[in-house]
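One structure below.
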Amino acid sequence: MTDASPLNAAIQSDIPHSARLWNYLLGGKDNFAADREAAEQVLAYMPELVQSARFNREFLGRAVRHLVAEAGVRQFLDIGTGLPTANNTHEVAQSVAPETRVVYVDNDPMVLVHARALLTSDPQGATDYIDADVRQPDHILTEARRTLDFTRPVAVMLLGILNFVVDDAEATRIVRRLVEALPVGGYLVISHPTREVNPEAVDRAMDSWRAGGGAAMAVRTPAEIAAFVDGLEILEPGLVTCSQWRPDGNDTTPVSEYAVVARKAS
């Protein structure tokens, strides 16, 4: 694998990182004091963030299970993997179809080290890991083709990652390039923070995140999020708060994280 950035790049433990913050919110231990402090500051304004993190993870599970069990997808490209917790993409997919192949992408060295150690495939399937930034779609696609066959359906997962591409034109370019590479029958899965549910709390939380040195982040409207799937066939129930996407006995309380699953039909 030819990485876009060195895996042994320095881990900046004194600056909060979204993957480690999310890990803390999900009850993980792979985080530093700066991440925990930033999380607690954000939670002071937006206590629903723990719920958002959990609901977003549950959405991942429901979406992957649907795509494998109902749509017959056996290949996933998960960009912005984050630190491994429970019910990772390949674990959910391979519990239904052990032959499923999954490629994870992240640019944080701590994430990649943990991923390579912990995200082990079922022997019938495969997992691979790419050290790359979401802003490098061509590089990601080139490396992903080592494991995935883009003449057959692939689901691209962009959960909680497009919000770190703050320029709308660049974010759109990235999504368009990824969709362009998908064959007919491929899928795009997106989750993204929005102000729709609790705008004042989201604004305060974002101010706290930026003040703590966190990476720049965009919070987009539902219409702006929906624009990412223009031209695709949107699966029911459409773009909704992630807890309400095809609920399966889960808590459906609305949270400030919207989700959509769409199919490339032509």
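Please treat every number below as a calculation from the coordinates, not as lab data. This structure is a prediction, so every number in the text was calculated from the model and none was measured. Counting neighbours? That spans all protein chains shown, and the Cβs are built from the backbone with ideal geometry, glycine included.
Nothing charged except the Cβ atoms of Lys and Arg (+1) and of Asp and Glu (-1): what's the magnitude of the dipole of segment 201-266 about its Cα centre? Round to the nearest 20 debye. Don't jump to the answer; show the numbers that get you there.
On the way: 6 positive and 9 negative charges, 33 e Å.
Taking the Cα centre of segment 201-266 as origin, the dipole is about 160 debye.
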Review point. How do 254-263, 170-179 rank on mean C-beta neighbours within 10 Å, highest first?
Key: 254-263, 170-179
**Study point:** Förster radius 35 Å - calculated FRET efficiency between GLU99 and ASP14 (Cβ-Cβ, nearest 0.05)
**Key:** 0.25
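Taking the Cβ of GLY125 as the center, what net charge do the other residues with Cβ under 12 Å away carry, scoring Lys and Arg +1 and Asp and Glu -1? Don't skip to the answer; put the middle values down first.
Values: positive: ARG74, ARG101; negative: GLU91, GLU99, ASP122, ASP128.
Residues near GLY125 contribute -2 overall.
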Point to revise | Length added when fully stretched, GLU224-ASP149, from 0.36 nm per residue minus Cα-Cα | key: 24.0 nm
**Study point:** Projected label distance in nm at ARG36 and VAL166, using a 7 Å step from Cα toward the beta-carbon
**Key:** 2.9
Exercise for review: For VAL156, enumerate residues with amide H under 5 Å from its amide H, sequence gap 5+ or separate chain, H modeled in the peptide plane.
Suggested key: LEU77, TYR187, LEU188, VAL189
Review point. Amide H to amide H under 5 Å from ASP128: which residues, 5+ apart in sequence or cross-chain, H placed 1.01 Å off N in plane?
Key: VAL102, VAL103, TYR104
Study note, to complete from the structure: Note on segment 216-258: alpha-carbon gyration tensor, axes a ≥ b ≥ c; rule is a/c under 1.5 for rounded, else prolate if a/b larger than b/c, else oblate; result oblate
Practice item. Apply 1/(1 + (r/R0)^6) to the Cβ-Cβ distance of ALA265 and ALA215, taking R0 = 35 Å, and write down the FRET efficiency to the nearest 0.05. Key: 0.50
Revision key, fill the gap. Extension length gain for ASN87 and ARG116 (0.36 nm per residue less Cα distance), in nm, is 8.8 nm
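Quick one: grab the alpha carbon gyration tensor of segment 190-237, order the square roots of its eigenvalues as a ≥ b ≥ c, and give me rounded if a/c is under 1.5, else prolate or oblate depending on whether a/b is larger than b/c.
Prolate, because a/c is 1.5 or more and a/b exceeds b/c.
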